[in-house]
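Read the figures in this text as sums done on the coordinates, not as results from a lab. Predicted model only: the values in this text are computed from it and were never measured. For neighbour counting, all protein chains shown are included, and Cβ atoms are generated from backbone atoms with ideal geometry for every residue, glycine included.
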Amino acid sequence: GAIGKDGYRHYMEKELHEHPVVIGQTLQRLIDPATRRVVLPDLPFDLASVPRAVITACGSAFYAGMIGRYWLESVARIPVDIDVASEMRYRDPPLTPGGMGLLISQSGETADTLAALRGMRAHRQHIVSVLNVEQSTIARESDVVLGTAAGPEISVASTKAFTAQLSVLACLAIAAGRRRGVVSPDQEQALVASLLDLPSRAGEVFDQADAIRRMAAVIAGARDVLYLGRGSSFPVALEGALKLKEVSYIHAEAYAAGEMKHGPISLIDQTVPIVATAPSGRLFEKTLSNLQEARARGGRLLVFTDTQGAERLRGIAEIVVAIPTVDEFTAPVLQTIPVQMLAYEVALLKGTDVDQPRNLAKSVTVE
Ligand code: G6P
């Protein structure tokens, strides 16, 4: 193909290393460098009066949408409904006309996402799509396209498109919050500053490659893996489990950490490693206590955190990966990177066809 691997062994490895650049390029499109304010393309509707947002997508894009939901709710105070597109297209939920239908797709061609879009349009929703391929079917049928500057993604398992999608969704939440009068100019400056800090912090994540490889050695010997996270770290856990399944063929399941006691806790023993995402912040202590429960039952803990959370975890976790501490708002963007790196390293150990995993397609254009 026209796009090379630039010396990397796989496209997935190359694309993982593109996270910092892709986040930076995507933010550049939406943040005015002079005023450091979010500037969206003109919208044919007013974010101030949108009664509700409905988010839908498939695969990794859906998990990006889940993080987008947290942001639209907590930053912009917009009520949000969300579902995978294959469910949304048949759910027929009651939608107030004038709501925002938010679609997320790398390819812009996913059949279920397109069908869900058409359903939303029939209910007179304003269609906003977050797309990497801007010449695509979903783009043509949208009212507004918010582009992700991820560049071509060749690896079937999505990596860099995810952080680019998050960059757009974060900006959308800030712009909506401002328009709705719930984000003050000072708050906007702080949120934007934490976004603009991401490319360089993302670059530092790669310093943790050795510790991530040690985690991979544990995972490669397992048949089942449990991923845990709370709040905006829960979708990160879901993305980690999906990526591991896709490229290593190891069964993985992600759970909201607080829900562990309602089932998966019975799985925990030496043979089922637990991968947790626990950045410092409001929910850190809650996740920590879930991890202590897992440890008490003999679970092997592999934990992604930040430099601020690391000390508290070293006593209970077998391996701790501490990436830079950032604002709680942007933490899920950064925490996604090592979780995806882990899946890649496990795939290398398992010797799978990393860029073309069996049975998967890059773009699923049939139902
Ligand atoms: C396929 C890919 C996934 C992707 C999903 C949605 O299943 O293997 O990596 O997340 O489709 O694709 P889209 O192009 O809509 O983001």
Put +1 on the Cβ of each Lys and Arg and -1 on the Cβ of each Asp and Glu in the chain; which of Ala64, Gly181, Ile154 then has its Cα farthest toward the positive end of the dipole? Gly181
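Tell me the mean residue ellipticity at 222 nm calculated for the chain from its helices only (DSSP H runs of n ≥ 4, each -39500 (n - 2.57), averaged over every residue, nearest 500). Walk me through the numbers on the way to the answer.
Details: 14 runs with 167 residues, N = 367.
The helix contribution divided over the chain gives -14000 deg cm²/dmol.
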If you average the alpha carbon positions of the stretch 1-43 and of the stretch 99-144, how far apart do those two centres end up, in angstrom? 21
Helix 185-196 against the longest principal axis of the chain: what's the angle in degrees, Cα atoms only, rounded to the nearest 10? 50
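Note down the relative contact order for the chain as a percent, whole number, built from C-alpha pairs under 8 angstrom at least six residues apart. Working shown, then result.
On the way: 747 pairs, mean separation 70.8, N = 367.
This gives 19 percent for the chain.
Could you grab the relative contact order for the stretch 61-217? Cα pairs under 8 Å, six or more apart, rounded to a whole percent. Mind showing how you got there, number by number?
Values: 193 pairs, mean separation 35.9, N = 157.
With pairs under 8 Å counted, the relative contact order is 23 percent.
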Stretch gain in nm, segment Lys286-Ala48, where the contour uses 0.36 nm per residue and the Cα spacing is subtracted: 82.3 nm
Shape call, the stretch 193-240: gyration tensor on alpha carbons, a/c limit 1.5: oblate
Rounded to the nearest 20 debye, dipole of the stretch 61-193 from Cβ charges on Lys, Arg, Asp, Glu: 280
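Let's see if you can work this out: charge +1 on each Lys and Arg Cβ, -1 on each Asp and Glu Cβ, no other charges. What is the dipole magnitude of the chain about its Cα centre, in debye to the nearest 20?
On the way: 37 positive and 41 negative charges, 79 e Å.
Roughly 380 debye, rounded to the nearest 20.
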How far, in degrees from 0 to 90, does helix 59-74 lean away from the longest principal axis of the Cα atoms of the chain, to the nearest 10? 70
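Grab the eigenvalues of the alpha-carbon gyration tensor for the stretch 223-367, scale each by 5, take roots, and send me the semi-axes largest first in whole angstrom. Each step should come with its number before you reach the end.
Working: eigenvalues 124, 63, 40 Å².
Output for the stretch 223-367: semi-axes of 25, 18, 14 Å.
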Would you mind telling me the antiparallel percentage of the DSSP bridges in the stretch 1-117, rounded to 5? 15
Which lysines, on any chain, are close to Lys245 with Cα under 19 Å apart, when same-chain ones fewer than 8 places away are left out? Lys160, Lys350, Lys362
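Which order results if Glu318, Glu188 are arranged by neighbouring Cβ count within 10 Å, fewest first?
On the way: Glu318 15, Glu188 19.
If I rank by nearby Cβ atoms, fewest first, I get Glu318, Glu188.
Assuming a ≥ b ≥ c are the square roots of the Cα gyration tensor eigenvalues, decide whether the stretch 25-173 counts as rounded (a/c under 1.5), prolate (otherwise, with a/b larger than b/c) or oblate. Walk me through the numbers on the way to the answer.
Working: a/c = 1.57, a/b = 1.10, b/c = 1.42.
Verdict is oblate for the stretch 25-173.
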Which residue, Ala115, Ala202, Ala173, tops the fluctuation ranking in a GNM of the chain built on C-alpha contacts under 10 Å? Ala115
If R0 = 35 Å, then Arg118 and Leu360, at their Cβ-Cβ distance, give a FRET efficiency to the nearest 0.05 of 0.90
Given the Cα-Cα distance of Ala217 and Arg9 and 0.36 nm per residue of separation, how much length would full extension add, in nm? 73.0 nm
For Lys243, go through the aspartates and glutamates and keep the ones whose alpha-carbon is under 19 Å away, minus same-chain ones fewer than eight residues off. Glu13, Glu15, Glu18, Glu153, Asp224, Glu253, Glu345, Asp353, Asp355
Cross-link candidates for Lys261: which lysines have Cα within less than 22 Å, leaving aside residues fewer than 8 places away along the same chain? Lys286
How far, in nm, would the chain grow between Glu367 and Glu204 when pulled straight, counting 0.36 nm per residue and subtracting the alpha carbon separation? 54.7 nm
Positive end of the charge dipole of the stretch 180-246 (Lys, Arg +1 and Asp, Glu -1 on Cβ, about the Cα centre): tell me which of Ala241, Ala222, Ala193 has its Cα farthest that way. Ala222
